[in-house]
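One structure below.
Read-outs: derived from the displayed coordinates by stated rules, not from any lab. Note that the structure is a prediction, hence the values are computed from the model and not measured. Here the Cβ is made from the backbone with ideal geometry for all residues, glycine too, and neighbour counts use every protein chain on show.
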Amino acid sequence: MTPEQFIRDYAAALATQQWEHLEPLIHPNCSVTFSTGAVHQGLPAIREAYERNFALIKNEDYQMTRLHWISKSNTKATYTFDFSWSGTIHGQPASGHGKGQATLICSEGKWMLMEERLSKTT
């Protein structure tokens, strides 16, 4: 697996809105900061946050574009990206967008998300 393949797999796993597809891609010590500012550290907290979003946002379409590699080696990669999402919340259309930064690590030949930070743009 390459960092680029990780991103494709991560996007596909998010699209399923099922935690069991995401969990293998997330490092146990991962930290995720949502665009609300909420910080989720470790798999149990990240799982709770993702599953809460999956339950809230129906038919979500999440897109990552304008990827830019800050650094990339055999064991660590960091990139920035733009993100957008749309879906339905309580029967009403909803959407958002922003900027993100993620760090991946490679352990035993497997790339995993170590940190992701999302922020809103105006």
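Normalised by the number of residues in the stretch 1-51, what is the relative contact order in percent for Cα pairs under 8 Å and 6+ residues apart?
Here the relative contact order equals 28 percent.
Can you tell me the FRET efficiency between Ala45 and Arg117 if r is taken as the Cβ-Cβ distance and R0 is 25 Å, rounded to the nearest 0.05?
0.95
Mind giving me the nanometre distance, one decimal, between the label points for Thr16 and Asp82, set 7 Å out from Cα along Cα→Cβ?
Placing both labels 7 Å beyond Cα along the Cβ direction yields 2.9 nm.
Cut-off under 16 Å on the C-alpha distance; same-chain residues fewer than 8 positions from Lys110 excluded. Which lysines are left, in chain and number order?
By straight Cα distance, Lys110 reaches Lys72, Lys76.
For the chain, what is the mean residue ellipticity at 222 nm derived from helices alone (per DSSP H run of n ≥ 4: -39500 (n - 2.57); sum divided by total residues; nearest 500 deg cm²/dmol)?
Theoretical 222 nm ellipticity from helices: -8000 deg cm²/dmol.
Taking the Cβ of Asp82 as the centre, find all other residues whose Cβ is under 10 Å away and add up their charges (Lys, Arg: +1; Asp, Glu: -1).
Net charge around Asp82: +2.
Between 0 and 90 degrees, rounded to the nearest ten: what's the tilt of helix 3-16 against the longest Cα principal axis of the chain?
The helix 3-16 is inclined about 30 degrees to the chain.
Given C-alpha coordinates of the chain, what is the ratio Rg to Rh with the Kirkwood estimate of Rh?
Value, to two decimals: 0.95.
Which net charge results for the neighbourhood of Lys99, defined as the other residues with beta-carbon distances under 12 angstrom from its beta-carbon, given Lys and Arg at +1 and Asp and Glu at -1?
The answer is +1.
Along Cα→Cβ, 7 Å out, is where each label goes; now give me the distance between the ones at Lys58 and Thr75 in nm to one decimal.
In this crude label model, Lys58 to Thr75 measures out at 4.7 nm.
Which whole-number percentage describes the relative contact order of the chain, with Cα contacts under 8 Å and a sequence gap of 6 or more?
26
Report, to the nearest 10°, how far helix 43-56 tilts away from the longest principal axis of the Cα atoms in the chain, using its own Cα long axis and a range of 0 to 90°.
30
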